1. Among the residues of region 37-57, how many are of a type outside the set (D, E, K, R), buried (at least 19 other Cβ atoms within 10 Å of the Cβ) and outside any loop (DSSP other than H, G, I, E, B)?
2. I'm told Ala154 meets every condition in (1) at pLDDT below 90; (2) more than 21 Å from Tyr64 (Cα to Cα) except one. Can you identify the failing condition by its number?
3. Being modelled with pLDDT under 90, more than 18 Å from Ile63 (Cβ to Cβ) and under 21 Å from the mean Cα position of the chain (by Cα) is the requirement here; does Ala8 meet it?
4. Give me the pairs: first residue in region 75-98 and free of Cβ contacts under 8 Å to residues at least 60 places away in the same chain and of a type outside the set (A, V, I, L, M), second residue assigned to a strand (DSSP E or B) and surrounded by 12 or more Cβ atoms within 10 Å (Cβ to Cβ), beta-carbon distance under 8 Å, and six or more apart or on different chains, which are they?
5. Between Leu108, Leu98, which is surrounded by fewer than 15 Cβ atoms within 10 Å (Cβ to Cβ) and closer than 30 Å to Leu35 by Cβ?
6. Scan Ile74, Ile83 and give me the residue that is assigned by TED's automatic domain parsing to the domain that holds Leu167, touching a helix residue (DSSP H, G or I) at 6+ places or on another chain (Cβ under 7 Å) and not in a strand (DSSP E or B).
Amino acid sequence: MPEHNPYAPSSASLAASGTASPGSEGSIWRHQKILVMAPGSELPHRCVKCNDVAAEPTKVRKIYWHAPGWYLLILVNIILYAIVAAFVRKRALVAPGLCQTHRKNRLLRLTAAWLFFALGFGVTLLGFTGMNNAGLGAAGILLMLLSLIFVIIAGRILSAKKIDSNLVLLRGCKEPFLASLPPLP
């Protein structure tokens, strides 16, 4: 008969279980395709896309949100909007995990976007200086702008649907990860 050691560590694996970190158990839920969590709680150490074990290290990211009505200030003045949005925005700190496969895919998308930005910069220089062709220069500027938009989209892991003092609602988690979470009570 094997002896029981009360001081031995648990044989359960938190990385693949359905629970979050020890201090935040019961503070993460799902509501349809939205991840709902209490502010300050930690996400489980799993990939938010495929629910596999997350690769180390997971980076803590700041996610910002403000009410959509503030976007109307862009019609008045974009600088005024930027100043007001910086003051009224809410912030949440999250550390979404990605498995090795999804991390590599994200890195490839970001690298491709930055390469297209460099190509656009070269085409712009060639168009305005080397060939003296304004159409080619404009195409290079357009390519740079499109690649910057793609960098923003490709670099995002999770995005905020709403942040308030009680709850943080996040988009971007896929169904395998969300299926492992309890429904919102």
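1. So the count comes out to 2.
2. With respect to (1) at pLDDT below 90; (2) more than 21 Å from Tyr64 (Cα to Cα), Ala154 is out only on (2).
3. Numbers: modelled with pLDDT under 90: yes; more than 18 Å from Ile63 (Cβ to Cβ): yes; under 21 Å from the mean Cα position of the chain (by Cα): no.
So Ala8 does not fit the description; no.
4. Listed by first residue and then by second, the contacts come to Arg89/Tyr64; Arg89/Trp65; Gly97/Arg46; Gly97/Cys47.
5. Values: Leu98 fails: surrounded by fewer than 15 Cβ atoms within 10 Å (Cβ to Cβ).
None of the other options fit; the residue is Leu108.
6. Numbers: Ile83 fails: touching a helix residue (DSSP H, G or I) at 6+ places or on another chain (Cβ under 7 Å).
After ruling out the rest, the residue left standing is Ile74.
The values are calculated or read from the model by the stated rules, or taken from the named source; none is laboratory data. Everything numeric here is computed off the predicted structure, so don't read it as measured data. Cβ sites come from the backbone with ideal geometry, for glycine too, and all protein chains shown count toward neighbours.
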